[in-house]
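The values are calculated or read from the model by the stated rules, or taken from the named source; none is laboratory data. Note that the structure is predicted; figures quoted are calculated from it, not measured. Neighbour counts are summed over all protein chains in view; Cβ atoms, including those assigned to glycine, are modelled from backbone coordinates with ideal geometry. Surface areas here come from the heavy atoms of the whole protein model, side chains and all, with no ligands, DNA or RNA. Shrake-Rupley method; radii C 1.70, N 1.55, O 1.52, S 1.80 Å.
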Amino acid sequence: MTESTMASGPTRRRLWALVLGVLLLAGGATAYTLRAADRPGAPTAADRPGAPAADEGFTLDGPAGALWFRDTASGRVAREEPSAPGGRLALGPRCERFHAAGGTALCLQLRPGVPARSYVIVLDRRLRELRRMSLPGIPNRARVSASGRVLAWTTFATGDSYATAAFSTRTSVLDLRTGYLIKNIEQIPLTLDGRRHHAPDVNYWGVSFARDDNRFYATVATQGRTHLVEGDLRAWKARALKENVECPSLSPDGTRIAYKKKVSKDTRAPWRLHVLDLATLREHPLAEARSIDDQAAWTGPGTLSYAHEGAVWSVPADGTGAPRRVLAGATSPAVPR
């Protein structure tokens with residue numbers, strides 16, 4: 001055995017030890033990153049390349065009735081500002097879906113990679129990050145209760161359109177008062193047609209909260225039909241009220257539901273916006289005759305706003321008037337009351 005051969009054993013062992021140490025360090029760093037993404041106080045969007053956080057001074061405080069929205073050019077949360085370039089200040093965090101109320105904002109970000117995952121980011125009045133969670137799916141719907149204390153969001157687990165049967169949703173509810181997270185509300189006991197309903201194809205989406213932070217409205221789909229459901233978080237139960245209701249939005253006074261109703265089998269244009277009177281369950285169509293795939297927002301006592309073809313539009317809630325384009329290059333309208 002030569003001298004060089006004798007030296008190769010220890011050398012080889014030292015090299016393997018070095019490689020193993022590097023791998024262990026890398027694995028520890030990766031595990032810390034994954035844990036950090038789900039804990040309060042994790043690095044904000046500004047700490048990640050290409051994901052700017054809100055500029056200092058850009059908050060949810062602003063002129064009464066001002067509209068906040070997602071600016072499609074930058075992907076950032078913006079506020080309507082007629083004197084600014086383009087009529088907006090786009091200085092908020094980057095979001096795919098956004099909603100705000102009661103001094104709390106909810107931002108959904110799509111994470112890169114396969115399978116699809118999303119960041120759910122809770123922000124305070126100054127748009128500073130309070131909590132960040134990583135959940136499966138593609139961002140789809142976001143809602144904050146009027147008090148700012150309860151939040152809900154929907155992601156697409158599979159598929160990307162409500163116009164087809166090949167989709168699955170995941171709808172979560174977070175109570176900021178207790179920190180309790182319901183990862184998926186599809187297990188809530190459901191009463192349909194007067195009987196307890198059990199089915200493997202149940203999907204919920206489009207939550208809208210009442211002012212008591214307990215009662216909520218949502219869409220449930222099962223066995224090829226959609227229904228408006230009224231839910232009770234404390235009692236943990238839900239009951240169907242009316243068929244063919246999607247993406248409900250409760251009016252500020254709690255008496256009406258705006259929603260999209262399927263009026264055609266054409267998957268390119270299946271819906272029309274309607275408003276339902278909860279006391280009588282009577283409905284009427286809005287003056288917006290185009291097919292709108294959005295959860296309309298009440299931006300005033302008698303005004304609804306929604307996204308369509310890259311712009312935010314508004315229309316009277318009583319069925320009169322005509323749709324009006326409010327802002328080009330915008331989605332996710334909200335008026336943080």
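The residue pairs whose first member lies in the stretch 186-197 and is closer than 10 Å to residue 229 by Cβ, whose second member is of a type in the set (Lys, Arg), and whose beta carbons are closer than 6 Å, counting only pairs six or more residues apart or on different chains, are 191/239.
None of 318, 294, 253, 277 is modelled with pLDDT of 95 or more and touching a Cys at 6+ places or on another chain (Cβ under 8 Å) except 294. Screening residue 38 on (1) closer than 30 Å to residue 207 by Cβ; (2) modelled with pLDDT under 50; (3) open to solvent by less than 40 Å² (accessible area, probe 1.4 Å) shows it passes everything except condition (3). When 130, 135, 174, 181 are checked against the criterion of being touching a residue at least 60 places away in the same chain (Cβ under 8 Å) and either under 26 Å from residue 95 (Cα atoms) or touching a Cys at 6+ places or on another chain (Cβ under 8 Å) (or both), 130 stands alone in meeting it.
Yes/no matrix, rows are residues, columns are (1) open to solvent by less than 10 Å² (accessible area, probe 1.4 Å); (2) more than 18 Å from residue 54 (Cα to Cα); (3) modelled with pLDDT of 95 or more:
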residue	(1), (2), (3)
106	yes, no, yes
109	yes, no, yes
113	no, yes, no
123	yes, no, yes
135	no, yes, no
147	no, yes, yes
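Checked against (1) open to solvent by 10 Å² or more (accessible area, probe 1.4 Å); (2) over 20 Å from residue 147 (Cα atoms), residue 230 meets all criteria but (2). Looking across the stretch 301-337, the residues that are touching a residue at least 24 places away in the same chain (Cβ under 8 Å), within 21 Å of the chain's Cα centre (by Cα) and part of a strand (DSSP E or B) come down to 304, 305, 306, 307, 312, 313, 327, 330, 331, 332, 333, 334. Say whether the condition of being among the hydrophobic types (A, V, I, L, M, F, W, C) and either closer than 23 Å to residue 102 by Cα or crowded, with 20+ Cβ neighbours inside 10 Å (or both) is met by at least one residue in the stretch 274-282. The answer is yes; a qualifying residue exists. Summed over the stretch 70-104, the residues that are touching a residue at least 60 places away in the same chain (Cβ under 8 Å), more than 22 Å from residue 150 (Cβ to Cβ) and buried (at least 18 other Cβ atoms within 10 Å of the Cβ) give a count of 5. Restricting the stretch 51-105 to residues that are part of a loop (DSSP other than H, G, I, E, B) and under 15 Å from the mean Cα position of the chain (by Cα) leaves a set whose member that is farthest from residue 121 (Cα to Cα) is 75.
Could you identify the single residue in 108, 151 that is part of a strand (DSSP E or B), in contact with a strand residue (DSSP E or B) (Cβ under 7 Å, 6 or more places away or on another chain), aliphatic (A, V, I, L, M) and within 28 Å of residue 268 (Cα to Cα)?
108
Is it fair to say residue 289 is hydrophobic (A, V, I, L, M, F, W, C) and in a loop (DSSP other than H, G, I, E, B)? So residue 289 fits the description; yes. Being closer than 22 Å to residue 231 by Cβ, open to solvent by less than 30 Å² (accessible area, probe 1.4 Å) and among the polar types (S, T, N, Q) is the requirement here; does residue 178 meet it? No; evaluated as a whole, the condition is false for this residue.
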